[in-house]
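Below is one structure, written out as structure tokens; the observations come after it.
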Amino acid sequence: MKTGIANSESFDNWVPNRRIKWQFDIYLVGSCPSCPVGNLSEAKTPEKYMRPELLERIIRKAKSECRLTEINLYNWTEPFLHPNLSEMIRIVRSHKVPCGLSTNLNLLNDIDDVMAANPDMLKVSLSGFSQKIYGRTHRKGDIELVKRNMAEVARAKERAGVTTRLVVAYHRYLGNHQDEATMQAYAESLGFKMEPAWAFFMPLEKMLAFAGSDMIDAAINTEDRQIIDLLALPLADALAAAQSAPQQSCPLRARQMAITASGEVTLCCASFDQSKFVIGPYLGTPIDELQKLKYRHEVCGSCMDNGLHVLFTYNCDIFDDIALANVARHYPDAALTRVKPLKIPRPHGIHALPFKMKREVKRLLNQLGANI
Ligand SMILES: C[S@@+](CC[C@H](N)C(=O)[O-])C[C@H]1O[C@@H](n2cnc3c(N)ncnc32)[C@H](O)[C@@H]1O
Ligand code: SF4
């Protein structure tokens with residue numbers, strides 16, 4: 001029997017609480033033409049750019065109904081495609097909410113304005129130092145351009161005199177470990193912190209197909225298979241481990257709000273096709289109502305049955321061991337470090353318990369007259 005599953009979760013057990021921490025993931029752009037992987041690029045993405053007024057209203061509403069701890073301005077898109085990126089960052093920061101950007105940095109617009117807006121974090125996603133290695137998994141990307149842009153970002157940060165944390169997310173695949181040390185030296189020379197991550201296969205739709213679920217109309221094609229075969233954390237083994245992990249709720253559903261450029265909430269940041277996963281407009285729908293709709297979504301059951309939510313949040317102790325052993329099998333001389341856990345607000349205390357257990361704890365505490 002699978003144990004990484006918590007699909008018995010129902011909204012009856014959702015606990016409205018304004019003090020719990022929320023992270024918002026906002027699509028600044030409707031579609032992402034520059035995404036070098038883009039394995040579902042034909043999926044529908046409605047409005048082109050999020051308007052600054054919409055962002056302002058979203059944040060005001062969020063602050064009125066939850067404890068907003070972070071806003072990330074990218075989700076599945078490329079922040080530098082937005083024509084008013086610096087204004088969007090300023091809006092977030094004017095509310096004293098940390099603002100994160102993640103970019104493939106094949107494009108760099110208005111970098112002085114962007115850095116002057118002082119985003120709390122700017123992460124560059126890449127997977128190699130040489131074009132030969134990088135180009136395997138960032139297919140349309142140009143690593144020489146990325147490296148020049150990294151230097152440009154570092155200079156703009158210095159000119160602006162700001163505190164932005166510069167990070168390189170080095171996606172680890174089989175065979176790109178040779179470039180990791182070179183990239184680390186280059187990144188650190190510019191003031192970037194290297195944060196390697198085991199590359200995963202996304203989005204939710206494709207992962208459901210990989211796991212054998214027919215809930216969504218998606219299929220694994222030859223290109224997908226090539227990427228899957230390159231993963232340092234082997235997908236089938238990771239899935240088996242996720243399915244055997246302790247039962248857990250899904251932080252992407254409980255603590256994150258993914259909002260499209262037109263202001264629609266989608267089921268979670270792991271799902272890509274906005275036409276299939278829209279829950280409702282963020283403005284005009286109370287957060288508890290949105291949560292109710294998310295918790296009733298039929299796809300979550302299938303996702304959790306297959307342990308995908310554990311995989312998406314890297315919440316399994318043995319992923320590192322599996323990946324390191326796989327790399328060592330292929331490249332005995334590779335000496336890779338463990339990766340840092342993902343920073344996602346996770347349910348804690350009673351909220352982290354599987355629902356049946358939570359219900360029982362609440363019942364017992366109620367019997368004792370405790371207030372939770
Ligand atoms: C889908 S990307 C979109 C944002 C932006 N275009 C970028 O490339 O960083 C969102 C986040 O997912 C991470 N990501 C993307 N592909 C990944 C992969 N194959 N494995 C691990 N993380 C990945 C990126 O580092 C980024 O922080
Ligand atoms: S579909 Fe998304 S929200 Fe639902 S369980 Fe899976 S990862 Fe969580």
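Just so you know, all these numbers are worked out from the coordinates, no wet-lab data involved. These figures come from a predicted structure and were not determined experimentally. Please note: Cβ atoms are built from the backbone with ideal geometry, for glycine as well, and neighbour counts cover all protein chains shown.
What to note about this one:
- Efficiency of FRET between GLU152 and ASP229 - r from beta-carbon atoms, R0 30 angstrom, step 0.05: 0.30
- Model label sites at GLN178 and ARG60, defined 7 Å from Cα along the beta-carbon direction, differ in position by 5.7 nm.
- Extension gain, HIS330-LEU107: 0.36 nm per intervening residue step, less the Cα-Cα distance, totals 76.9 nm.
- The THR337 and ARG165 beta-carbon pair, evaluated with R₀ = 25 Å, returns a calculated FRET efficiency of approximately 0.80.
- Computed from the C-beta positions of PHE200 and LEU364 and an R0 of 51 Å, the FRET efficiency is 0.85 to the nearest 0.05.
- Over 23 Å between alpha carbons, listed pairs LYS61/LYS206; LYS21/LYS292; LYS61/LYS157; LYS48/LYS132; LYS63/LYS123; LYS123/LYS206: LYS61/LYS206; LYS61/LYS157; LYS48/LYS132; LYS63/LYS123; LYS123/LYS206
- Among 281-291, 86-96, sorting by the average number of other beta carbon atoms lying within 10 angstrom of each residue, highest first, gives 86-96, 281-291.
- Across region 226-351, C-alpha contacts under 8 Å between residues 6 or more apart give a mean separation that, scaled by the residue count, equals a relative contact order of 34 percent.
- Peptides 220-230, 75-85 ranked from most to least packed, by the mean per-residue count of other Cβ atoms within 10 Å: 75-85, 220-230.
- The alpha-carbon of LYS340 sits under 12 angstrom from the alpha-carbons of these aspartates and glutamates, leaving out residues fewer than 8 places away in its chain: GLU195, ASP317, ASP320.
- Computed on region 5-315, with alpha-carbon pairs under 8 angstrom and 6+ residues apart, the relative contact order is 23 percent.
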